[in-house]
Amino acid sequence: QKTAYEIKECDWSSDVCSSDLEDEFHDWYDTEHVPPRLRVPGFINAERWIGVDDPKVAFATYDLDTIGVLQSAPYCAFTGINQSPWTKRIEHQMKKLGRFVGEQLTPGRVAAPPSAGGLLFFAMNVDPAAEAEFNQWYDTEHLPALAAVPGCLDRKSTRLNSSHIPLSRMPSSA
């Protein structure tokens, strides 16, 4: 069984599907997209988030042991040129908004709480010359302030090159 301290890096993707594809998209996602990923050694969890303002927008988060999982033979066996015809057809009809792969900085190697009912995703670019100062502020002032917000279950900072992607998970009643 995987434990929280094994988590180091995360993979996020965001997709939009057309209304005529919506039901099939959910079937594909639940039966073909997620299950094989969770069987790959190094995938810790997978969560899908549906847009509050637009339910046709889906955002997925995955906790991984390492980014190298995405280059592993078990993962490559069903991705890229090895996609199934169904996956190729569904992905051809989706508008991919983005995919972010990065290393979790703060709090470090901690899995997402399974009870979260909401996700706040925020991305920013930090000038490399200011990164040390930014990280000091973020870790000592900003994250503690987020932790004090009622209903905030989890706070993370992730680095993509010189970018940071803070994530905050909230209970569904918040």
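The values are calculated or read from the model by the stated rules, or taken from the named source; none is laboratory data. What you are looking at is a predicted structure, and each value in this text was computed from that prediction instead of being measured. Cβ atoms come from the backbone with ideal geometry, glycine included; neighbour counts cover every protein chain shown. With ligands, DNA and RNA removed, areas are computed over all heavy atoms of the protein, side chains included. Shrake-Rupley method; radii C 1.70, N 1.55, O 1.52, S 1.80 Å.
Within the range 108-127, which residues are within 14 Å of LYS156 (Cα to Cα), open to solvent by 80 Å² or more (accessible area, probe 1.4 Å) and assigned to a loop (DSSP other than H, G, I, E, B)?
Scanning the range 108-127 gives ARG109, PHE122.
From the list GLN104, GLN83, which one is out of contact with any Leu (no Cβ under 6 Å at 6 or more places or on another chain), at pLDDT 85 or above, of a type outside the set (Gly, Ala, Ser) and surrounded by 13 or more Cβ atoms within 10 Å (Cβ to Cβ)?
GLN83
Give me the residue from the range 86-101 that is within 24 Å of THR158 (Cα to Cα) and not charged (D, E, K, R) and, out of that set, least open to solvent (accessible area, probe 1.4 Å).
Restricting to residues being within 24 Å of THR158 (Cα to Cα) and not charged (D, E, K, R), the top hit is GLY98.
For the range 77-135, what are the residues that are closer than 18 Å to ALA147 by Cα and charged (D, E, K, R)?
ARG109 - this is the single residue of the range 77-135 that is closer than 18 Å to ALA147 by Cα and charged (D, E, K, R).
Which residues, taken from the range 35-68, are surrounded by 20 or more Cβ atoms within 10 Å (Cβ to Cβ), in contact with a helix residue (DSSP H, G or I) (Cβ under 9 Å, 6 or more places away or on another chain) and within 15 Å of PHE100 (Cβ to Cβ)?
Once the filter is applied, which keeps residues that are surrounded by 20 or more Cβ atoms within 10 Å (Cβ to Cβ), in contact with a helix residue (DSSP H, G or I) (Cβ under 9 Å, 6 or more places away or on another chain) and within 15 Å of PHE100 (Cβ to Cβ), the range 35-68 yields ALA58, TYR62, ASP63, LEU64.
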